[in-house]
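Please read the structure below before turning to the comments.
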Amino acid sequence: MNGDRVKIGIEGLDQMMGGGLIPGTICAIIGTYGTGKTTFALQFIWEGLKNGEKTIYISLEEAEDRLYLYMKQKNWDITPYKDSALTVIKLDPSDFNLAINRIKNELPTLVRELGATRVVIDPVSLFEDLFERASDRRREMFRFVEALREQHCTIVITSETDKDNPFSSRHNLIEYLADTVILLRYVRPSDLTDVHLALEVVKMRLSAHSREIKPYEIQQDQVLVYTEANVF
Ligand SMILES: Nc1ncnc2c1ncn2[C@@H]1O[C@H](COP(=O)(O)OP(=O)(O)O)[C@@H](O)[C@H]1O
Ligand SMILES: [Mg+2]
């Protein structure tokens, strides 16, 4: 069954999802700052590039150069893929409304034209913040996600957690729209000597998945999920 899965490229995590994401589905990676959302998203892109796929990275936060630098630090040679198999689009926050409208209107076409099979939006929270009314946000996000879904690519969307609730995204919306939800968080043992990172697959439509909470570590060149270990 694993052959028809879209791997994120983080072995333990792919294992927890029965081999990877289901093609054409949307995965939300939710976590607070520093939990590794961008790292996971880049890993997903790199996995696609290695397979000869076309990819698009929409960055709402990190500059294009920084993303390239991260990849270089990981010893990934992306030179052959730049501007061909890898298209990075950085949205300029100073002209945010315009940029976001462009993405909303043009991304589905771009995906089709490039033949992209993997798309990242990192982080979508800034997009969601633009709407003042919850009902507008819900409607617009639903439309945006559905338009993307129609392109049949596999999508990873990252989202910041709510400042008061480390289990939910800021607007508590993307976890409903996404087919798969991966939650990243800090775990602080009671003695407060050390902070660990832990992940769980909260939801996965159309698939069995692990419900365990597993520790992970961001290393220079990879993310290690300790599938044999327990957090609690
Ligand atoms: N090369 C590296 N070696 C070790 N840890 C790293 C490396 N790069 C990033 N990290 C860790 O990952 C964290 C940032 O991850 P990032 O993917 O940017 O998180 P997020 O997007 O959720 O804010 C850093 O705070 C650091 O702890
Ligand atoms: Mg980030």
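Pairs please, first residue from the stretch 31-60 and in a loop (DSSP other than H, G, I, E, B), second anywhere and of a type in the set (V, I, T) and surrounded by fewer than 19 Cβ atoms within 10 Å (Cβ to Cβ), Cβ atoms under 6 Å, 6+ apart in sequence or on different chains.
G36/I218
Being modelled with pLDDT under 90, at positive phi and either within 16 Å of ligand 1 (Cβ to nearest atom) or open to solvent by 60 Å² or more (accessible area, probe 1.4 Å) (or both), is that true of even one residue in the stretch 119-136?
Scanning the stretch 119-136, I find no residue that is modelled with pLDDT under 90, at positive phi and either within 16 Å of ligand 1 (Cβ to nearest atom) or open to solvent by 60 Å² or more (accessible area, probe 1.4 Å) (or both), so the answer is no.
Taking only the stretch 214-232 into account, find how many residues are assigned to a loop (DSSP other than H, G, I, E, B), of a type in the set (A, V, I, L, M, F, W, C) and at pLDDT 95 or above. Walk me through how you get there before you give the answer.
At the first step, the residues of the stretch 214-232 found to be assigned to a loop (DSSP other than H, G, I, E, B) are 219-222, 226-232.
Keeping just the survivors that are of a type in the set (A, V, I, L, M, F, W, C) gives 229, 231-232.
Among the residues that remain, those that are also at pLDDT 95 or above are: none.
Of the residues in the stretch 214-232, 0 are assigned to a loop (DSSP other than H, G, I, E, B), of a type in the set (A, V, I, L, M, F, W, C) and at pLDDT 95 or above.
Mind listing whichever residues of the stretch 37-48 are surrounded by 22 or more Cβ atoms within 10 Å (Cβ to Cβ) and away from ligand 1 (no atom under 11 Å from the Cβ)?
F44, I45, G48
Among the residues of the stretch 138-160, which ones are at pLDDT 90 or above, more than 16 Å from ligand 1 (Cβ to nearest atom) and surrounded by 16 or more Cβ atoms within 10 Å (Cβ to Cβ)?
Taking the stretch 138-160 as the starting set, the residues that turn out to be at pLDDT 90 or above are 138-139, 153-160.
Remaining after also requiring more than 16 Å from ligand 1 (Cβ to nearest atom): 138-139, 153-155.
Hits for the stretch 138-160 are R138, C153, T154, I155.
Regarding the stretch 97-115, can at least one residue be identified that is assigned to a loop (DSSP other than H, G, I, E, B) and either of a type outside the set (D, E, K, R) or open to solvent by 10 Å² or more (accessible area, probe 1.4 Å) (or both)?
Filtering the stretch 97-115 down to residues assigned to a loop (DSSP other than H, G, I, E, B) leaves 115.
Adding the requirement that they be either of a type outside the set (D, E, K, R) or open to solvent by 10 Å² or more (accessible area, probe 1.4 Å) (or both) leaves 115.
Yes.
L13 - would you say it is within 16 Å of ligand 2 (Cβ to nearest atom) and open to solvent by less than 80 Å² (accessible area, probe 1.4 Å)? Break it down stepwise before answering.
Working: within 16 Å of ligand 2 (Cβ to nearest atom): no; open to solvent by less than 80 Å² (accessible area, probe 1.4 Å): yes.
Criteria not met by L13.
Keeping to the stretch 69-87, report how many residues are open to solvent by 30 Å² or more (accessible area, probe 1.4 Å) and either assigned to a helix (DSSP H, G or I) or hydrophobic (A, V, I, L, M, F, W, C) (or both).
Total satisfying the criteria: 4.
The values are calculated or read from the model by the stated rules, or taken from the named source; none is laboratory data. Note that the structure is a prediction, hence the values are computed from the model and not measured. All Cβ positions, even for glycine, are placed from backbone atoms using ideal geometry, and neighbour counts span all protein chains on display. For accessibility, only protein heavy atoms count, side chains too; no ligands or nucleic acids. Shrake-Rupley method; radii C 1.70, N 1.55, O 1.52, S 1.80 Å.
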